[in-house]
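Take a look at the structure below.
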Amino acid sequence: MSGDQGFNGFSRKTFEFLNDLGENNNREWFESNRGVYEDYVLGPAQEFVIEMGERLKTLSPTVSAVPLIDKSIFRLYRDTRFSSDKTPYKTHLGILFWDGPRKKLENPNYYVQLNKSSIFVGAGEYRFTPDLLRSYRDSVVHPKRGKELGGILNRITGDTAYKIGGQHYKRLPRGYDPDHPNSALLHHDGLYAYNESTLPEQIYSRSFVDYCFRMFRDMYPLQKWLARVNHL
């Protein structure tokens, strides 16, 4: 549980709750365990947003870190209107810090996801809007910006802890050279670096902020490149 001294880590009860929610994904169970969610999931998540937001400002001074549901903390409720899966709740906790003037998911962002037995830490853009996708593609093949991006991705993936995500299209978009050194990146509809791992021991202490921040710092060059592309 979060305390008066700010973020003190998540609890093992955080992950017990996520596990149990997966096994009891219904409104009756959730309402009877709402207090557990508020004390061991939402509470420490809010403290984490506050402290990580301050740390991220040393990299991205304009980053947004708002410790509210539907701001930096994703809602637990699922939108089931167009899904065959009608279970009402997500079984993970998503935390987002966005950097830019657009709607939050249309900017480069830093993201942490807690699952019942693993975590995901990433930075970049999960999916480009149509106008940003064209700007991204033109930057990928630009003589200067494209070469810079290739170097950034090589440095990030030089550490095998990191992977690059966002590939989506099977075909190369029309009008681009298939022999370009960055042609593989033209198959993306988003671009982000990420790390996935089992739950680290740091997650149960204040040092989880440091743990995530080190990865965000490694990924920051990609954030910076994407921010410039978004302003072209």
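Ser11's amide H: which non-local residues (gap 5+, or another chain) put their own amide H closer than 5 Å, with H modeled 1.01 Å from N in plane and none for Pro or chain starts?
Hits under the 5 Å cutoff: none.
Quick check: from the Cα gyration tensor, does the range 1-97 come out rounded (a/c under 1.5), prolate or oblate? Write down the numbers at each step before the final one.
Details: a/c = 2.90, a/b = 1.50, b/c = 1.92.
Oblate is the answer for the range 1-97, as a/c is 1.5 or above yet b/c matches or exceeds a/b.
To the nearest 10 square angstrom, how much accessible area does Lys163 have with a 1.4 angstrom probe?
Counting only protein heavy atoms, the figure is 120 Å².
Please work out the Cα center distance from the range 43-89 to the range 115-177, rounded to the nearest Å.
23
Please list 3J(HN,Hα) in residue order for the range 70-76, calculated via the Karplus relation 6.51 cos²θ - 1.76 cosθ + 1.60 where θ = phi - 60°; whole Hz, with x for glycine and proline.
So the J values, rounded to whole Hz, are 6, 10, 7, 10, 5, 5, 7.
State in Å² the accessible area per residue of the chain; use a 1.4 Å probe, count heavy atoms of protein chains only, and round to the nearest integer.
Details: 12230 Å² over 232 residues.
Counting only protein heavy atoms, the per-residue value for the chain is 53 Å².
Restricting things to Cα coordinates, could you compute the convex hull volume per residue of the chain in Å³?
Convex hull volume per residue, Cα atoms: 136 Å³.
Using a 1.4 Å probe on the protein chains only, how many percent of the accessible area of the range 31-145 belongs to carbon and sulfur?
53
Beyond a 27 Å Cα-Cα separation, which of these cross-linked pairs lie in this structure: Lys71/Lys170; Lys57/Lys163; Lys90/Lys163; Lys86/Lys224; Lys116/Lys224; Lys163/Lys224?
Lys71/Lys170; Lys86/Lys224; Lys116/Lys224
Using a 1.4 angstrom probe on the protein heavy atoms only, could you order Ser84, Ser60 from most to least accessible area?
So, going from the largest accessible area down, we get Ser84, Ser60.
Please build a GNM for the chain, connecting alpha carbons under 10 Å apart, and tell me which residue among Ser139, Ser64, Ser205 fluctuates the most.
Ser205
Treat every Asp and Glu Cβ in the chain as -1 and every Lys and Arg Cβ as +1, leave all other atoms uncharged, and give the resulting dipole magnitude about the Cα centre to the nearest 20 debye.
Details: 32 positive and 28 negative charges, 176 e Å.
Rounded to the nearest 20 debye, it is 840 debye.
Which three extents, in whole angstrom, do the alpha-carbon atoms of the range 95-144 cover along their principal axes, largest first?
42, 23, 17
Around Tyr89, which amide H atoms from residues at least 5 apart in sequence, or from another chain, sit under 5 Å from its own amide H, with H modelled in the peptide plane?
Arg78
Which three extents, in whole angstrom, do the alpha-carbon atoms of the range 85-189 cover along their principal axes, largest first?
For the range 85-189, the Cα spread along each principal axis is 44, 31, 30 Å.
Test of understanding: extend the Cα→C-beta vector of Ser135 to 7 Å, then name every residue of the range 95-120 with backbone N under 14 Å from that spot.
99-109
Taking the dipole about the Cα centre of the range 76-131, with the C-beta of Lys and Arg at +1 and of Asp and Glu at -1, give me whichever of Leu96, Phe82, Ser118 is farthest to the positive side.
Farthest towards the positive end: Phe82.
The values are calculated or read from the model by the stated rules, or taken from the named source; none is laboratory data. If you're wondering where the values come from, they're calculated on a predicted model, not measured in any experiment. Neighbour counts run over all protein chains shown; Cβ positions are idealised from the backbone, glycine included. The protein model used for the area step is the full one, side chains on, heavy atoms only, and it has no ligands, DNA or RNA in it. Shrake-Rupley method; radii C 1.70, N 1.55, O 1.52, S 1.80 Å.
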